[in-house]
Amino acid sequence: MPGISGSGGVPAPEPGSFPVEGLLAWYRLHRRSLPWRETRDPYRVWLSEVMLQQTRVSTVVPYYERFLNRFPTVSALAAASEEEVLKVWENLGYYARARQLLKAAKIVVDTYAGIIPDRPEELAGLPGVGAYTAGAVSSIAFGQDVPAIDGNVRRVLCRYFALAGIMADKEGLRYLSGLLAPILPPGRAGDFNQALMELGAVICLPREPLCADCPLGENCLARIHDAPETFPSRREKKKVPVRHAVAAVIRDPLDRVLLVKRQHRGLLASLWKFPGGFAEPGEEPVQTLARSVRDETGIDIRDDVFLGTVRHAYTHFRLRLHVFSCSVSGSRQVNGSCKDYRWAFPGEIRDLPLGRADRQAADLARL
DNA sequence: AAATCGGGGGG
DNA sequence: CCCCCAGATTT
């Protein structure tokens with residue numbers, strides 16, 4: 001069991017002392033008005049929770065509106081193509097969410113008769129729905145008495161109960177879940193969960209918590225210890241490497257440009273890209289250009305002109321994408337191993353889903 | 001348990 | 001530059 005740092009003469013926390021009513025009252029008064037709070041439609045709640053995974057509220061709002069405008073119901077989504085969904089998702093990141101959401105929508109339509117299940121165990125069986133999302137949808141849309149522990153809730157609980165450790169692994173989350181179980185107000189778990197998240201988002205901030213305005217007040221053990229910002233403990237930071245890659249804007253005589261579709265798994269899966277790839281150790285960009293384009297497409301290029309370098313930060317590496325314009329030397333026939341490709345006009349490129357870096361490369365090439 | 005998977009906003 | 005965000009999945 002994860003340790004509780006109840007040293008220093010501070011009494012161990014009593015779950016019974018948790019000011020549930022105070023928190024709920026604060027939430028009723030201060031809750032932000034957000035699009036997904038105007039409804040209890042399970043599809044809309046589900047969509048919001050998936051979009052909000054590792055993504056800020058302010059970022060999600062416009063995507064949420066646009067997505068619902070395009071796919072108003074789970075059956076409308078289930079009938080969509082992956083490329084349509086990815087295009088609407090473009091620049092929101094973590095594109096596996098979009099592909100899994102589409103898969104899950106098809107499952108709901110095909111095996112649940114279009115009815116989104118209400119129990120967390122069944123929800124968690126859907127692609128892209130983990131413990132948090134299952135609890136959130138179940139409690140918010142269906143009023144089930146289950147917890148939903150996201151990063152905000154984890155931080156609030158770690159502080160209130162002065163819990164040592166990171167508490168982000170399965171064991172830690174199970175412990176927090178056990179802590180919440182006796183606190184959850186029956187029939188109001190949806191509001192309670194959202195209240196905890198809202199508190200983490202606007203009061204119990206990671207760096208500088210606004211303790212003076214906190215409805216949990218003097219009961220918070222981290223505040224009593226006078227060190228709320230030290231909970232939960234942080235992961236060690238690993239330094240991220242810089243990786244170099246090239247992108248080839250290859251034009252044909254009709255002024256179309258060659259695009260290839262990425263693999264269905266891995267980074268930016270199923271999005272489109274310009275031909276090219278990562279540099280081998282010690283390789284110069286021009287060499288990378290010729291080699292990676294030939295490897296990927298079978299095409300030999302000529303007349304390469306350097307257009308510029310796009311810098312982009314991913315979670316576990318930083319990218320420097322060197323962009324070149326060029327034309328085909330010899331046959332325009334694309335390799336059989338390159339499954340999905342197309343010669344696209346600039347107008348068509350704008351309608352295909354691209355990652356941020358490739359989109360910037362397109363801008364550099366004035367496409 | 002650790003790595004992977006995006007992108008943007010704020011300090 | 002750094003950090004973190006309504007996490008899930010794979011290795």
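The values are calculated or read from the model by the stated rules, or taken from the named source; none is laboratory data. Just so it is clear, the model here is predicted, and its values are computed rather than measured. Cβ atoms come from the backbone with ideal geometry, glycine included; neighbour counts cover every protein chain shown.
Side notes on the structure shown:
- Per this entry, A:R262 is counted among residues that are modelled with pLDDT of 95 or more and within 20 Å of A:E90 (Cβ to Cβ).
- Candidates A:D340, A:D303, A:D252, A:D295: the one that is touching a Cys at 6+ places or on another chain (Cβ under 9 Å), outside the structural domain of A:E83 (by TED's automatic domain parsing) and surrounded by fewer than 19 Cβ atoms within 10 Å (Cβ to Cβ) is A:D303.
- Any pair with Cβ under 6 angstrom, 6 or more apart, that starts in the stretch A:148-161 at a residue that is closer than 22 Å to A:S138 by Cβ and buried (at least 24 other Cβ atoms within 10 Å of the Cβ) and ends at one that is modelled with pLDDT of 95 or more and polar (S, T, N, Q): A:A148/A:S139; A:A148/A:N193
- Every pair of residues 6+ apart whose Cβ atoms lie under 7 Å, when the first sits in the stretch A:31-45 and is at pLDDT 95 or above while the second is more than 9 Å from DNA strand C (Cβ to nearest atom) and in a loop (DSSP other than H, G, I, E, B): A:P42/A:I116; A:Y43/A:T73; A:Y43/A:I116
- Matching residues in the stretch A:321-350 - criterion: being in contact with a strand residue (DSSP E or B) (Cβ under 9 Å, 6 or more places away or on another chain), more than 19 Å from A:E296 (Cβ to Cβ) and of a type in the set (D, E, K, R): A:E348
- Those residues of the stretch A:107-138 which are part of a helix (DSSP H, G or I), within 16 Å of DNA strand C (Cβ to nearest atom) and crowded, with 17+ Cβ neighbours inside 10 Å, in sequence order: A:V108, A:P120, A:L123, A:A131, A:Y132, A:T133, A:A134, A:G135, A:A136, A:V137, A:S138
- Among (1) exposed (fewer than 15 other Cβ atoms within 10 Å of the Cβ); (2) within 16 Å of DNA strand C (Cβ to nearest atom); (3) more than 28 Å from A:A98 (Cβ to Cβ), the one test that A:T309 misses: (1)
- Any hit, the stretch A:163-176, residues being aromatic (F, W, Y), within 16 Å of DNA strand B (Cβ to nearest atom), farther than 25 Å from A:Y94 by Cβ and surrounded by 15 or more Cβ atoms within 10 Å (Cβ to Cβ): yes
- Test: residue in the stretch A:311-318 that is under 13 Å from A:P275 (Cβ atoms), outside any loop (DSSP other than H, G, I, E, B) and in contact with a Pro (Cβ under 9 Å, 6 or more places away or on another chain): no
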